[in-house]
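Accompanying notes for the structure given below.
Values quoted throughout were computed directly from the atomic coordinates according to the rules given, and no laboratory measurement underlies them. Keep in mind that this is a model prediction, so the values were computed, not measured. Neighbour counts are summed over all protein chains in view; Cβ atoms, including those assigned to glycine, are modelled from backbone coordinates with ideal geometry.
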Amino acid sequence: MQCPSGCPCSMEERKVERMFHRNSEPVVISDLVMYVCPECGQESMPLSSARIVENILNGKAKPSGKFVAELYEVSSVILN
Ligand SMILES: [Zn+2]
């Protein structure tokens, strides 16, 4: 697959972790396959991944667990 920005190299397949929102609730999807351009960093979601995301956001998939994370809001970060 060619980069949509027109880079001469082809895009690499990478597994990433992404956060989406379902009814304003955060949902984390890991091992999501994305195409990434090694030249400019442009990302493109393959159709297969888009379908998976759609199914998850429509509540058609069972979660594998809960994702718990600390939140750091850049505007209110206080360094130790
Ligand atoms: Zn590119």
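Phi angles of segment 39-55 translate, via the Karplus equation with coefficients 6.51, -1.76, 1.60 and θ = phi - 60°, into HN-Hα couplings of 7, 10, x, 4, 10, 9, 8, x, 4, 4, 6, 4, 5, 4, 4, 4, 4 Hz per residue; Gly and Pro are given as x.
Given the Cα atoms of the chain, and with Rh set as the inverse mean 1/r over their pairs in the Kirkwood sense, what is Rg to Rh to two decimals?
Details: Rg = 15.9 Å, Rh = 14.9 Å.
Rounded to two decimals, Rg over Rh is 1.07.
Using R0 = 25 Å, the C-beta based FRET efficiency linking GLU54 and SER5 works out to 0.50. Does anything in segment 52-77 have its amide N under 16 Å from the 7 Å Cα→Cβ label point of MET19, and if so which residues? Counting only backbone N, you get 66-77.
In sequence order, segment 63-72 has phi-based couplings of x, 8, x, 9, 9, 10, 9, 6, 9, 10 Hz under the Karplus curve 6.51 cos²θ - 1.76 cosθ + 1.60, θ = phi - 60°, and Gly or Pro positions carry x. Using C-alpha pairs below 8 Å separated by at least 6 residues, the relative contact order for the chain is 21 percent. Packing here is the average count of other Cβ atoms within 10 Å per residue, and on that basis the peptides 46-52, 73-79, 63-69, highest first, run 46-52, 63-69, 73-79.
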